Amino acid sequence: MYGNLRRPQEAEDLYKQLQESGIQPDVVTYNTLLSMYCHLRKPQKTSGILKRMLENGIHPNVFTYTTLLNLYSSLKRPEEAEGVYQRMLDSGIEPDIVTYNTLLNMYSNLKQLYDAAGVLKKMQAKGIQPDHVTYSTLLSMYCKLKKPKEAESMLKQMQSHGIQPNIKHYTSLIAMYSSLKAPQEAENILKQMQEQGIQPDIATYTTLISMYSHMRKPRDADGVLKRMRQNGITPDVALYNSLIAMYRNLRTPRGAEGVFKQMQDSGVKPDVITYTSMLSMYTILKKTYESEAVFKKMQEVGIQPDVIAYNYLFSLYSKLKKPKEASGVFKHMLEKGVHPNIATYTSLLSLYSTLKLPQEVENLFEDMQARGIQPDLYVYTIMLSMYSKMESIPKSNSILQQMKENNIELDLFSYNTQVKLYCALENTEAIDQILLEMKEKGIAPDIVTYTALLDLYVKLENSEKVDELQKEMQKCGMRMKQRHEEYRN
């Protein structure tokens with residue numbers, strides 16, 4: 001009783017009472033304790049129980065070893081599990097179907113195809129007939145690993161041994177073909193399923209619609225929706241969200257709005273994913289009125305926008321260069337207790353940097369770090385670009401030092417930002433140092449680099465350097481701009 005309730009202290013007390021009363025615990029007693037500690041995922045305790053069993057002359061049985069196998073399988077510790085299995089064989093105890101299925105489940109979770117196939121062969125060599133659990137485990141593994149040939153073979157083996165596949169098996173196959181973007185094969189599995197008298201459920205239809213959505217095939221997705229309704233199955237919020245996401249990806253607001261209306265008309269309440277998907281679509285299309293209306297509506301129906309929803313608005317205002325609106329939303333976000341993330345700051349920094357508002361940029365940069373958000377390469381690049389345009393070497397160097405301290409490697413864009421800065425300042429020594437560093441790190445100059453350099457050396461009337469750069473560009477398959485060609489001529 002106590003073992004089943006996972007109350008270790010009471011179970012251990014009862015075990016001591018048995019011993020004090022002169023009653024020798026048997027294998028069932030020890031297995032109960034063992035099972036309890038396995039459920040509690042305490043391998044050290046199970047080792048102690050096993051040791052006590054052996055010291056008291058109680059021989060572990062197949063249940064003992066299988067319980068231990070299940071523990072190490074759940075902990076994803078295959079070496080210990082294999083050790084238990086070998087000890088079982090060495091003790092002369094024959095594994096049963098549950099033992100083999102436990103091993104199969106472990107190898108399946110670890111995606112170890114070869115070992116899983118080996119377990120099946122051992123079973124068959126011992127004359128143990130695979131059961132429903134065996135086939136389900138193997139079929140699920142092959143589907144997850146996108147092995148259609150093996151998965152369908154397993155389905156046929158099930159049927160040939162008189163085990164009828166259920167809706168989960170067929171849906172797993174359909175999901176596999178959906179992930180492989182193989183609609184014909186997915187539809188064939190659906191047909192087989194129906195021929196066996198198994199009607200698809202909402203999960204099956206959602207899988208198909210999701211496939212057509214990702215493939216951007218709205219007609220096929222709508223066709224599945226129609227079939228679903230004909231079979232008396234009402235779409236749920238997840239299915240509607242999949243359709244809205246498809247129309248969002250297709251940049252087709254009318255389609256998304258139609259699905260949203262169907263959703264409401266059928267009594268299905270939109271959730272945060274629904275509204276965020278609609279918001280995402282409108283912000284991508286730069287539709288300010290519609291974006292703000294969706295954001296307002298989700299709050300009116302009691303759905304609190306998350307950081308993702310807020311970030312879509314920041315992205316919109318950044319694209320449209322609307323600092324006042326972005327600032328207002330940021331304030332609203334903080335008041336609602338929604339924590340900004342790096343995407344939030346990236347949009348805002350990009351906006352204020354584009355508008356040449358260095359004080360706002362620096363305030364945000366400090367604020368994000370004060371909140372424990374580590375700037376990434378893109379954020380640092382925004383800062384470098386702004387300071388480059390301001391021709392501020394000290395502040396630019398300060399950012400470079402921070403990047404170095406945080407082990408963030410400069411990319412080509414970052415180096416080009418520095419090249420432009422020193423070209424503007426006509427500091428050829430610093431430029432040579434940057435180009436040397438790029439070469440050492442295996443970063444080749446691009447057309448942007450060469451254009452900045454050529455503009456500088458044309459201005460300095462250094463024809464020798466211009467010719468040198470022109471030869472380098474030719475080797476890389478790049479051509480000079482017309483203004484540089486005119487200078488050479």
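The values are calculated or read from the model by the stated rules, or taken from the named source; none is laboratory data. Computed from a prediction, not measured in an experiment: that's the story for all the values here. With ideal geometry, Cβ positions are generated from the backbone for all residues, glycine too; neighbour counts draw on all protein chains shown.
Per-residue answers, yes or no, for (1) over 27 Å from residue 392 (Cβ atoms); (2) more than 27 Å from the chain's Cα centre (by Cα):
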| site | (1), (2) |
| --- | --- |
| 314 | no, no |
| 325 | yes, yes |
| 328 | yes, yes |
| 333 | yes, no |
| 338 | yes, no |
| 344 | no, no |
| 347 | no, no |
| 351 | no, yes |
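The set of residues from the stretch 474-489 being surrounded by fewer than 19 Cβ atoms within 10 Å (Cβ to Cβ) and not basic (Lys, Arg) comprises 474, 476, 477, 478, 482, 485, 486, 487, 489. Among the residues of the stretch 378-393, those identified as among the aliphatic types (A, V, I, L, M) and within 17 Å of residue 351 (Cα to Cα) are 379, 382, 383, 384, 386, 390. Out of curiosity, is residue 104 aliphatic (A, V, I, L, M) and within 29 Å of residue 32 (Cβ to Cβ)? So residue 104 fits the description; yes.
Note on the stretch 216-235: residues that are in a loop (DSSP other than H, G, I, E, B) and surrounded by 15 or more Cβ atoms within 10 Å (Cβ to Cβ) amount to 3.
Count of the stretch 185-206 residues, restricted to those that are within 17 Å of residue 216 (Cβ to Cβ) and surrounded by fewer than 16 Cβ atoms within 10 Å (Cβ to Cβ), is 0.
With respect to residue 380, determine if the residue is aromatic (Phe, Trp, Tyr), within 25 Å of residue 296 (Cβ to Cβ), touching a residue at least 24 places away in the same chain (Cβ under 8 Å) and crowded, with 16+ Cβ neighbours inside 10 Å.
On the way: aromatic (Phe, Trp, Tyr): yes; within 25 Å of residue 296 (Cβ to Cβ): no; touching a residue at least 24 places away in the same chain (Cβ under 8 Å): yes; crowded, with 16+ Cβ neighbours inside 10 Å: yes.
Spelling it out, it is not the case that residue 380 is aromatic (Phe, Trp, Tyr), within 25 Å of residue 296 (Cβ to Cβ), touching a residue at least 24 places away in the same chain (Cβ under 8 Å) and crowded, with 16+ Cβ neighbours inside 10 Å.
Residues in the stretch 70-114 that are farther than 24 Å from residue 143 by Cβ and small (Gly, Ala, Ser): 83, 91, 92. Examine the stretch 464-483 for a residue that is touching a Cys at 6+ places or on another chain (Cβ under 7 Å) and either under 22 Å from residue 429 (Cβ atoms) or at pLDDT 90 or above (or both), and state whether such a residue exists. Among the residues of the stretch 464-483, not one is touching a Cys at 6+ places or on another chain (Cβ under 7 Å) and either under 22 Å from residue 429 (Cβ atoms) or at pLDDT 90 or above (or both), which makes the answer no.
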